[in-house]
Every structure is written in C-alpha cells, then in structure tokens.
Amino acid sequence: MNIQSVNAHQHNEPQTKNPRRDDTKSPMDWVGLFICCALALIFEGARGAKLVGSESIITLFQQIGYGEWFWYFTGFVEIISALILLFAVTRKLAASLHTCTVIGAIFTHVFLVGGSTLPEFILCLLAIFVLWWSKQ
C-alpha cells in the first residue's frame, strides 16, 4: 500500500469515537469526586469555626500555645485548600495541603493536647486517597 492510498483511506473513513472519552466518569471517578467534595465541606466547616473564633477553638489554640496568629493561619490554609480541592488542576496541591494540615493536627493531639486522633486519622486517609486518585 502506498502513501497516497493510506492518506485517502484515512480521510474517507468516518472517525469513530473513543469509548473512554474524558467526559465519561468511572465509578472510581465518582467516588473520588464525592470524597473531594466531602473533604472540602469538612475543611470549610473547620475554617469557619477557626475564623469565627468559637470558644472551643480559642481554648484549643491557647492550650497549644502558638497564639492567635496560628489559628488564623490554619483557617486560611483550610479555606484555600478546600476551594482548590474542587478543581482538577489544583487537586494534588490541595490534597497535599490537607494531608500536611491533618498530620500536624494528629501530632498536636498526640504530643500537646491529648484525646482521640481518630477523626484526624480518617481525614488523613481520605486526603491520601485523593492524592492517589488524582494521579490516576
């Protein structure tokens, strides 16, 4: 077959659609998107408690001893990472920020505050899942 017949053959055939296009979502994609939205809502709620200055948050941050600036800083990190988690382009960065924030919370609970770290551990696993899923 010569080049001219190959080119003619390619131009005369109707293009078939790719069965796995970018706009089709697998079940794992839906699970990943659900977890992203859930994490964004959880971190947005935590941010709200920090920036509004709920009594329990004030007491917790006084117990830690870092001061008011640190509570505003963590609130800012949580709101930014919650917002950028919703966009595919910035999802890895957001999941990384979530993971670091939650690991910091786990260490704070273990070494400074005490109490259960189960909620933070679950959030950490979910953020790590989002990191893994974003690489797919």
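The values are calculated or read from the model by the stated rules, or taken from the named source; none is laboratory data. Only a predicted model underlies this, so the values are computations on that prediction, with no experimental measurement involved. Ideal geometry is used to build each Cβ from the backbone, glycine not excepted, and the neighbour counts take in all protein chains shown. Surface accessibility is based on the protein's heavy atoms, side chains included, excluding ligands, DNA and RNA. Shrake-Rupley method; radii C 1.70, N 1.55, O 1.52, S 1.80 Å.
Test Ala94 against the stated conditions and say whether it is touching a helix residue (DSSP H, G or I) at 6+ places or on another chain (Cβ under 8 Å) and at pLDDT below 85. Lay out the reasoning, then the answer.
On the way: touching a helix residue (DSSP H, G or I) at 6+ places or on another chain (Cβ under 8 Å): yes; at pLDDT below 85: no.
Spelling it out, it is not the case that Ala94 is touching a helix residue (DSSP H, G or I) at 6+ places or on another chain (Cβ under 8 Å) and at pLDDT below 85.
Scan segment 91-104 residue by residue and report those that are within 9 Å of the chain's Cα centre (by Cα) and either closer than 13 Å to Leu125 by Cα or not charged (D, E, K, R) (or both).
Residues of segment 91-104 within 9 Å of the chain's Cα centre (by Cα): 91-99.
Those that are within 9 Å of the chain's Cα centre (by Cα) and either closer than 13 Å to Leu125 by Cα or not charged (D, E, K, R) (or both): Leu93, Ala94, Ala95, Ser96, Leu97, His98, Thr99.
Report, by residue number, each residue of segment 77-132 that is surrounded by 14 or more Cβ atoms within 10 Å (Cβ to Cβ) and of a type in the set (Phe, Trp, Tyr).
Selection gives Phe121, Phe129.
Kindly list, by first and then second residue, each pair from a residue in segment 46-74 that is at positive phi to a residue that is open to solvent by 80 Å² or more (accessible area, probe 1.4 Å) and modelled with pLDDT of 80 or more, limited to pairs with Cβ atoms under 8 Å and residues at least 6 apart or on different chains.
Gly65/Leu112
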